[in-house]
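Heads up: the structure comes next, in C-alpha cells.
Derivation of every value follows stated rules applied to the coordinates shown; laboratory data play no part. Treat the numbers as computed from the prediction; the structure is a model and nothing was measured.
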Amino acid sequence: MAYQQNIPQPTDQISVSQADILNNFIALSTFLNINHVDFASADQGKHKFVSFPVQAVAPATTATEVALYSKTSTLLGGPELFFRNASSGIEYEFTSAVGATTGWARFPSGILIKWGNVSANGAAVITFPVAANTPVFTAVYSAQVSVNTIGGANVDPDTFVTVNAISATQLTVFGSARSTTGAAATNFTYLVIGL
C-alpha cells in the first residue's frame, strides 16, 4: 500500500488507523532503504551508493546552493555527472573522458587535460584533437613533453624535445639530439592543461 498523508486524523481511534499507520511505516522503510544502509543499522542515514536519474535540463540553483546531477553528455552521448555553481551558474560536465592513447578528461573545477603520443623530426606542429565528442580549450596554461625513445646501440639516447609555442589549438615542438646540432627523430608524449 502507498504512503498515506494525514494519518491518523484527530478523530481517529488507534484501532481504526493502526493498519494505515503500519502501512505508512512500511512505505517509509521501503523509501529509506533505497541506496541507504538499513534503517535499524548502526550506520543509519548513510548511503550505500548514490544514483542520479538523468535530468533533461540543468537544475536551477540559488545563491546559497550548488547542484550535482546526471545529464546526457553533449560530448559522448551517454549519462555523465555534472556540477552547477550557485545562482544557476556555469555547469561542468566532469566525468566524461576518452581514455585512449590520444585522449582527454575534464575535472569538476573545469580544468581540461589532453594527452597524446607524437613523433617529431625537428620542428612539428601538434594540433590538439577536436571532434564532436572532444571539448576545445578556451585557454592553455601548461604543456609538458616527455621523450619516450628507448636508448640502444643504434639509438641516440639523448634525444629531446622542446616546446616552442602553445595556443588553445596546438603545440609547436622541436625534436633534436644532444649528440648532433640538428634535428633528430624523436618520439614523445605530451600533456596539456587548460580550461
### Task
Please list the equivalent ellipsoid semi-axes of the chain, computed as the square roots of five times the alpha-carbon gyration tensor eigenvalues, in descending order and whole angstrom.
59, 19, 12
#### Entry: MRE, 222 nm, helices only [DSSP H, n ≥ 4, -39500 (n - 2.57), over the chain, to nearest 500]
-3500 deg cm²/dmol
### Task
Largest first and to the nearest Å, give the Cα extent of region 54-95 along each principal axis.
30, 16, 12
### Summary
Restricting to lysines and to Cα separations under 28 Å from LYS114, and discarding same-chain partners fewer than 8 apart, the set is LYS71
### Summary
Cα-based Debye curve of region 21-114 sampled at q = 0.22, 0.26 Å⁻¹ gives log₁₀ I(q)/I(0) of -1.05, -1.20
#### Entry: Angle between the chain longest axis and helix 14-32 axis [Cα atoms, degrees, rounded to 10]
0 degrees
### Task
Can you tell me the relative contact order of the chain? Whole percent, Cα pairs under 8 Å, sequence separation 6 or more.
15 percent
